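Heads up: the structure comes next, in structure tokens.
The values are calculated or read from the model by the stated rules, or taken from the named source; none is laboratory data. Not measured: the values here are computed from a predicted model. Here Cβ is always computed from backbone atoms with ideal geometry, including for glycine, and neighbour counts include all displayed protein chains. Please note that ligands, DNA and RNA were not included when accessible areas were found on the heavy atoms of the full protein model with its side chains. Shrake-Rupley method; radii C 1.70, N 1.55, O 1.52, S 1.80 Å.
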Amino acid sequence: MVQTVAWVTSLFFMIVVAAVFLIVVIKSKEKRDYEPIKKKWYKARTFYATILVIFFIVVTIYTLRELPYDQPVYGEEIKPTIVDVEALQFGWKMSETEFKVGEPIEFHVTSGDVTHGFGIYDENMNLIAQTQAMPAYTNKVYTTFDEPGTYEILCLEYCGLGHHVMIGKLEVTE
Ligand SMILES: [Cu+2]
């Protein structure tokens, strides 16, 4: 779907650009007084620049309003379950692997050796949360599972020969 939209949009703008080039080529043979044209298009340029600046100011303010982005989505007053995660070549050490649907969870992710990527996948292999697992540093990632099932932890950073066997499991029940 997204690809189709991107493809059609690209094609549309390619045609628009080609049409503009064509018009310029055709009109280039015409001789006209330059001053009035210059005046008119300088005005247009100022107008569009102003519109653009206002537009981007609005977009910037709108997209920054939820900063900082890594705040827990379940609210300040609820105490989350803290899960310590240590990535090691080639596996995951987790203080807890069984959770309830709707339980707010805060994973504290670190690494015992090299840099790994901590990625949580649902049963359809959709990535639902991820963070970097770094030695001597703890990254926090907040999640609440909406569906029961078996979730998989996969390493998202190539970390050596056993990278692909670095799979952990989480059980989420009602
Ligand atoms: Cu790894």
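β-branched (Val, Ile, Thr) and more than 22 Å from TYR151 (Cβ to Cβ): does that describe THR110? Show your work before the answer.
Details: β-branched (Val, Ile, Thr): yes; more than 22 Å from TYR151 (Cβ to Cβ): no.
No, not satisfied.
Do the conditions hold for LEU127, that is, is it within 16 Å of the ligand (Cβ to nearest atom), surrounded by fewer than 16 Cβ atoms within 10 Å (Cβ to Cβ) and modelled with pLDDT of 90 or more?
Details: within 16 Å of the ligand (Cβ to nearest atom): yes; surrounded by fewer than 16 Cβ atoms within 10 Å (Cβ to Cβ): yes; modelled with pLDDT of 90 or more: yes.
Considered against the rule, which asks whether it is within 16 Å of the ligand (Cβ to nearest atom), surrounded by fewer than 16 Cβ atoms within 10 Å (Cβ to Cβ) and modelled with pLDDT of 90 or more, LEU127 comes out as yes.
Which of (1) open to solvent by 50 Å² or more (accessible area, probe 1.4 Å); (2) within 18 Å of the chain's Cα centre (by Cα); (3) free of Cβ contacts under 8 Å to residues at least 60 places away in the same chain; (4) within 28 Å of THR173 (Cβ to Cβ) is the odd one out, the single condition ARG65 does not satisfy?
Looking at each condition in turn, ARG65 falls short on (4).
For the stretch 81-112, give me the residue count where each residue is outside any strand (DSSP E or B) and either open to solvent by less than 50 Å² (accessible area, probe 1.4 Å) or more than 12 Å from the ligand (Cβ to nearest atom) (or both). Can you show your working first?
Initial filter on the stretch 81-112 (outside any strand (DSSP E or B)): 89-90, 95-97, 101-103, 112.
Remaining after also requiring either open to solvent by less than 50 Å² (accessible area, probe 1.4 Å) or more than 12 Å from the ligand (Cβ to nearest atom) (or both): 95-97, 101-103, 112.
Counting residues in the stretch 81-112 that are outside any strand (DSSP E or B) and either open to solvent by less than 50 Å² (accessible area, probe 1.4 Å) or more than 12 Å from the ligand (Cβ to nearest atom) (or both) gives 7.
Could you please find all residues in the stretch 142-166 being within 16 Å of the ligand (Cβ to nearest atom) and under 23 Å from the mean Cα position of the chain (by Cα)? Give the derivation first.
Start the filter on the stretch 142-166 by keeping residues that are within 16 Å of the ligand (Cβ to nearest atom), which leaves 152-166.
Hits for the stretch 142-166 are GLU152, ILE153, LEU154, CYS155, LEU156, GLU157, TYR158, CYS159.
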